[in-house]
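Some notes on the structure that comes next.
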Amino acid sequence: MSYLVYVGVFGWSGVIFLWIRDARIFYRTAYPLYRSAAYWGVAYSALATAGLAITIAGQEILGLGIILGSLYLQGRRPREKVWTAEGTIDRLLGNAARGKIKAHNKT
């Protein structure tokens, strides 16, 4: 195994982390753009997982390209402004003020 496999695992874990963070922010704020980003995060995570499998199979450069592509695409999704004066750790972990949760059922 090459050291590039470890780089691929690190990139894959970054994609998964960003997806979970977007889902957490949507759960706390109910902003529609974070919902969209969380949904697209599923596709980007699947793409990164395929890239990781290709990297482990021996095609390191192709797999790393796919993982970096999914990281790039995930960063291009539009999102609302959530933070105003929070610290770095709060932003990293996705801490956001809870928004008003709208009831989706009409009973």
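Summary table
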item	result
FRET efficiency for residue 6 and residue 30, using Cβ-Cβ distance with R0 set to 30 Å, rounded to 0.05	0.20
Extension gain (nm, one decimal) between residue 40 and residue 92, 0.36 nm per residue minus Cα-Cα	16.8 nm
For region 3-93: relative contact order, % (alpha-carbon pairs under 8 angstrom, 6 or more apart)	33
Expected 222 nm ellipticity per residue - DSSP helices of 4 or more, -39500 (n - 2.57), all of the chain, to 500	-24000 deg cm²/dmol
Cβ crowding within 10 Å averaged over residues, with 17-26, 50-59, 87-96 ranked highest first	17-26, 50-59, 87-96
Which of 60, 86 has the fewest Cβ neighbours within 10 Å, and the rest in rising order	86, 60
With eigenvalues of the C-alpha gyration tensor scaled by 5 and rooted, the chain, Å	31, 15, 10
For region 75-87, Karplus couplings with θ = phi - 60° (6.51, -1.76, 1.60), whole Hz, Gly/Pro x	x, 8, 5, x, 9, 6, 7, 9, 9, 10, 9, 6, x
Residues of region 1-27 with amide N under 15 Å of a point placed 7 Å along Cα→Cβ from residue 73	12, 15-16, 19
Modelled FRET efficiency - R0 22 Å, residue 20 with residue 81, Cβ distances, 0.05 increments	0.60
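Readers should treat all values here as calculations from the given coordinates under stated rules, not as data from a laboratory. Here the structure is a predicted model, which is why all the values come from computation and not from measurement. A quick note on method: Cβ atoms are made from the backbone with ideal geometry, for glycine too, and the neighbour counts reach across all protein chains shown.
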